[in-house]
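Worksheet for the structure shown next.
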Amino acid sequence: MSLRSCSEYSVLAIFPLAVCSLVVNILLYFPNGDTTYAGSNQLTNYVWFFEGICFGGIMMIIVAAVLLLVDFYKCGTSFGARTKGCSRLGSIGFALLGVLFSGYSLIISSLGLAQGPYCMTVTGWSYPFTAGSYLVDYSTWSQCLEPPYVVEWNVILFSILIVLSSLQVIICLGKAILDVIAMLCGTHRILIEPHSI
(Lines give C-alpha, C1' and ligand atoms only; values in the text may rest on other atoms or scores of the structure.)
Protein backbone atom coordinates (compact mmCIF):
# COMPACT_ATOMS: atom_id res chain seq x y z
CA MET A 1 0.00 0.00 0.00
CA SER A 2 1.36 3.41 -1.02
CA LEU A 3 1.81 6.36 1.32
CA ARG A 4 -1.03 8.15 -0.42
CA SER A 5 -3.46 5.24 0.01
CA CYS A 6 -2.52 4.86 3.66
CA SER A 7 -3.01 8.59 4.16
CA GLU A 8 -6.45 8.58 2.52
CA TYR A 9 -7.71 5.55 4.49
CA SER A 10 -6.54 7.08 7.76
CA VAL A 11 -8.45 10.31 7.00
CA LEU A 12 -11.63 8.30 6.34
CA ALA A 13 -11.32 6.85 9.86
CA ILE A 14 -11.70 10.36 11.32
CA PHE A 15 -15.39 10.51 10.32
CA PRO A 16 -16.69 7.67 12.55
CA LEU A 17 -14.38 8.78 15.37
CA ALA A 18 -15.78 12.33 15.16
CA VAL A 19 -19.40 11.13 15.12
CA CYS A 20 -18.74 8.92 18.15
CA SER A 21 -17.09 11.85 19.97
CA LEU A 22 -20.12 13.99 19.28
CA VAL A 23 -22.54 11.35 20.59
CA VAL A 24 -20.46 10.55 23.68
CA ASN A 25 -20.17 14.24 24.62
CA ILE A 26 -23.94 14.68 24.26
CA LEU A 27 -24.50 11.69 26.56
CA LEU A 28 -22.41 13.42 29.25
CA TYR A 29 -25.20 16.01 29.55
CA PHE A 30 -27.73 13.36 30.51
CA PRO A 31 -26.48 11.10 33.34
CA ASN A 32 -28.45 7.85 33.08
CA GLY A 33 -30.68 9.49 30.49
CA ASP A 34 -31.96 12.13 32.93
CA THR A 35 -32.32 15.63 31.45
CA THR A 36 -33.00 17.51 34.70
CA TYR A 37 -29.34 17.86 35.74
CA ALA A 38 -28.31 19.64 32.54
CA GLY A 39 -31.23 22.05 32.91
CA SER A 40 -30.23 22.94 36.46
CA ASN A 41 -26.49 23.12 35.63
CA GLN A 42 -25.60 20.25 37.96
CA LEU A 43 -22.93 18.71 35.76
CA THR A 44 -19.15 18.75 35.85
CA ASN A 45 -17.83 22.02 34.43
CA TYR A 46 -15.66 20.25 31.82
CA VAL A 47 -18.82 19.07 30.06
CA TRP A 48 -19.45 22.70 29.03
CA PHE A 49 -16.16 22.98 27.11
CA PHE A 50 -17.80 21.14 24.15
CA GLU A 51 -14.66 19.11 23.57
CA GLY A 52 -16.43 16.19 21.92
CA ILE A 53 -19.26 18.08 20.25
CA CYS A 54 -17.39 21.00 18.70
CA PHE A 55 -13.68 20.17 18.62
CA GLY A 56 -13.56 16.38 18.53
CA GLY A 57 -16.78 16.17 16.52
CA ILE A 58 -17.92 18.93 14.15
CA MET A 59 -14.51 20.54 13.59
CA MET A 60 -12.86 17.16 12.98
CA ILE A 61 -15.53 16.24 10.42
CA ILE A 62 -14.77 19.52 8.62
CA VAL A 63 -11.01 18.88 8.82
CA ALA A 64 -11.41 15.33 7.47
CA ALA A 65 -13.62 16.52 4.61
CA VAL A 66 -11.14 19.26 3.67
CA LEU A 67 -8.21 16.81 3.86
CA LEU A 68 -9.96 14.47 1.45
CA LEU A 69 -10.72 17.33 -0.95
CA VAL A 70 -7.18 18.73 -0.72
CA ASP A 71 -5.71 15.29 -1.44
CA PHE A 72 -7.48 15.25 -4.80
CA TYR A 73 -6.96 18.93 -5.61
CA LYS A 74 -4.13 19.80 -7.99
CA CYS A 75 -2.80 23.31 -8.43
CA GLY A 76 -0.20 24.94 -10.61
CA THR A 77 1.64 23.58 -13.62
CA SER A 78 5.27 22.74 -14.13
CA PHE A 79 6.54 22.16 -17.68
CA GLY A 80 3.08 21.06 -18.79
CA ALA A 81 2.66 18.54 -15.93
CA ARG A 82 0.32 19.02 -13.01
CA THR A 83 1.98 19.34 -9.60
CA LYS A 84 0.59 18.80 -6.10
CA GLY A 85 3.08 20.89 -4.11
CA CYS A 86 0.60 23.48 -2.87
CA SER A 87 -2.06 20.87 -2.12
CA ARG A 88 0.48 18.99 0.00
CA LEU A 89 1.16 22.16 1.99
CA GLY A 90 -2.58 22.69 2.48
CA SER A 91 -2.99 19.08 3.57
CA ILE A 92 -0.20 19.42 6.12
CA GLY A 93 -1.76 22.63 7.46
CA PHE A 94 -5.21 21.09 7.91
CA ALA A 95 -3.74 17.91 9.41
CA LEU A 96 -1.95 20.03 12.03
CA LEU A 97 -5.19 21.91 12.63
CA GLY A 98 -6.78 18.52 13.27
CA VAL A 99 -4.04 17.78 15.81
CA LEU A 100 -4.94 21.01 17.63
CA PHE A 101 -8.68 20.30 17.68
CA SER A 102 -8.36 16.68 18.76
CA GLY A 103 -5.58 17.61 21.19
CA TYR A 104 -7.92 20.11 22.85
CA SER A 105 -10.56 17.40 23.19
CA LEU A 106 -7.97 15.02 24.64
CA ILE A 107 -6.75 17.54 27.23
CA ILE A 108 -10.23 18.64 28.37
CA SER A 109 -11.49 15.05 28.56
CA SER A 110 -8.45 14.07 30.63
CA LEU A 111 -9.04 16.99 32.99
CA GLY A 112 -12.71 16.05 33.30
CA LEU A 113 -11.80 12.46 34.14
CA ALA A 114 -9.17 13.53 36.68
CA GLN A 115 -11.48 16.02 38.39
CA GLY A 116 -14.38 13.62 38.82
CA PRO A 117 -18.09 14.38 38.68
CA TYR A 118 -20.03 17.21 40.25
CA CYS A 119 -22.58 15.46 42.43
CA MET A 120 -24.79 15.60 45.51
CA THR A 121 -23.02 14.39 48.65
CA VAL A 122 -24.12 14.42 52.29
CA THR A 123 -22.83 18.00 52.51
CA GLY A 124 -24.46 19.22 49.29
CA TRP A 125 -23.44 19.61 45.64
CA SER A 126 -19.66 19.58 45.19
CA TYR A 127 -16.64 17.91 43.62
CA PRO A 128 -15.94 15.33 46.34
CA PHE A 129 -12.84 13.73 44.80
CA THR A 130 -9.24 14.89 44.72
CA ALA A 131 -7.57 14.86 41.32
CA GLY A 132 -7.61 11.34 39.91
CA SER A 133 -7.39 9.51 43.26
CA TYR A 134 -10.97 8.23 43.06
CA LEU A 135 -10.20 6.27 39.89
CA VAL A 136 -8.36 3.57 41.83
CA ASP A 137 -10.46 3.75 45.00
CA TYR A 138 -13.91 2.47 44.07
CA SER A 139 -15.11 2.59 47.67
CA THR A 140 -15.24 6.39 47.50
CA TRP A 141 -17.69 6.38 44.58
CA SER A 142 -20.62 5.96 46.95
CA GLN A 143 -20.05 9.55 48.14
CA CYS A 144 -22.02 10.69 45.11
CA LEU A 145 -25.68 10.23 45.98
CA GLU A 146 -27.13 12.02 42.99
CA PRO A 147 -27.23 11.68 39.98
CA PRO A 148 -27.31 7.91 40.46
CA TYR A 149 -24.21 6.14 39.07
CA VAL A 150 -22.79 9.47 37.91
CA VAL A 151 -19.21 8.39 38.71
CA GLU A 152 -19.44 5.35 36.45
CA TRP A 153 -21.19 7.45 33.80
CA ASN A 154 -18.44 10.09 33.77
CA VAL A 155 -15.54 7.64 33.98
CA ILE A 156 -16.78 5.55 31.06
CA LEU A 157 -17.73 8.45 28.79
CA PHE A 158 -14.68 10.62 29.49
CA SER A 159 -12.46 7.55 28.98
CA ILE A 160 -14.11 6.90 25.61
CA LEU A 161 -13.56 10.54 24.63
CA ILE A 162 -9.90 10.24 25.60
CA VAL A 163 -9.48 7.15 23.41
CA LEU A 164 -11.34 8.71 20.47
CA SER A 165 -9.42 11.99 20.60
CA SER A 166 -6.10 10.14 21.03
CA LEU A 167 -6.81 8.19 17.84
CA GLN A 168 -7.67 11.44 16.06
CA VAL A 169 -4.40 13.02 17.20
CA ILE A 170 -2.44 9.99 15.97
CA ILE A 171 -4.22 9.96 12.60
CA CYS A 172 -3.79 13.69 11.98
CA LEU A 173 -0.17 13.71 13.11
CA GLY A 174 0.52 10.65 10.95
CA LYS A 175 -1.19 12.34 8.01
CA ALA A 176 0.97 15.44 8.42
CA ILE A 177 4.15 13.33 8.63
CA LEU A 178 3.21 11.24 5.57
CA ASP A 179 2.50 14.39 3.56
CA VAL A 180 5.83 15.94 4.59
CA ILE A 181 7.62 12.74 3.52
CA ALA A 182 5.70 12.62 0.22
CA MET A 183 6.42 16.28 -0.48
CA LEU A 184 10.13 16.00 0.33
CA CYS A 185 10.57 12.80 -1.63
CA GLY A 186 8.70 14.27 -4.60
CA THR A 187 10.82 17.43 -4.49
CA HIS A 188 13.98 15.36 -4.25
CA ARG A 189 13.09 13.38 -7.37
CA ILE A 190 12.35 16.57 -9.29
CA LEU A 191 15.72 18.11 -8.31
CA ILE A 192 17.88 15.19 -9.37
CA GLU A 193 15.94 14.19 -12.47
CA PRO A 194 17.74 15.42 -15.60
CA HIS A 195 15.55 17.53 -17.87
CA SER A 196 15.40 16.58 -21.50
CA ILE A 197 16.23 19.50 -23.82
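The values are calculated or read from the model by the stated rules, or taken from the named source; none is laboratory data. None of these values were measured; they are calculated from a predicted model. When we count neighbours, we look across all protein chains shown, and the Cβ atoms used for this are built from the backbone with ideal geometry, even at glycine. Quick note on the areas: whole protein, heavy atoms, side chains included, nothing else; ligands and nucleic acids left out. Shrake-Rupley method; radii C 1.70, N 1.55, O 1.52, S 1.80 Å.
Given R₀ = 45 Å, what would the calculated FRET efficiency be for residue 181 paired with residue 121, taking r from the Cβ atoms and rounding to 0.05? For R0 = 45 Å, the calculated efficiency reads 0.25. Placing a pseudo-label 7 Å from each Cα along the Cα-to-Cβ vector at residue 38 and residue 62 gives an inter-label distance of 2.2 nm.
Across the range 107-121, coupling constants 3J(HN,Hα) worked out from phi with the 6.51/-1.76/1.60 Karplus curve, θ = phi - 60°, read 5, 5, 5, 5, 5, x, 5, 5, 5, x, x, 8, 8, 7, 10 Hz, and Gly and Pro carry x.
Only protein heavy atoms count here; under a 1.4 Å probe, residue 92 has an accessible surface of about 20 Å². Extension gain, residue 12-residue 29: 0.36 nm per intervening residue step, less the Cα-Cα distance, totals 3.3 nm. Distance from the Cα centre of the range 44-71 to that of the range 86-129, in angstrom? Cα centroid of the range 44-71 versus Cα centroid of the range 86-129: 11 Å apart. Does the range 132-180 come out rounded, prolate or oblate, given a ≥ b ≥ c as the square roots of the eigenvalues of its C-alpha gyration tensor, rounded meaning a/c under 1.5 and, failing that, prolate meaning a/b above b/c? In terms of gyration-tensor shape, prolate. Between the beta carbons of residue 173 and residue 138, assuming R0 = 41 Å, the FRET efficiency works out to 0.75 to the nearest 0.05.
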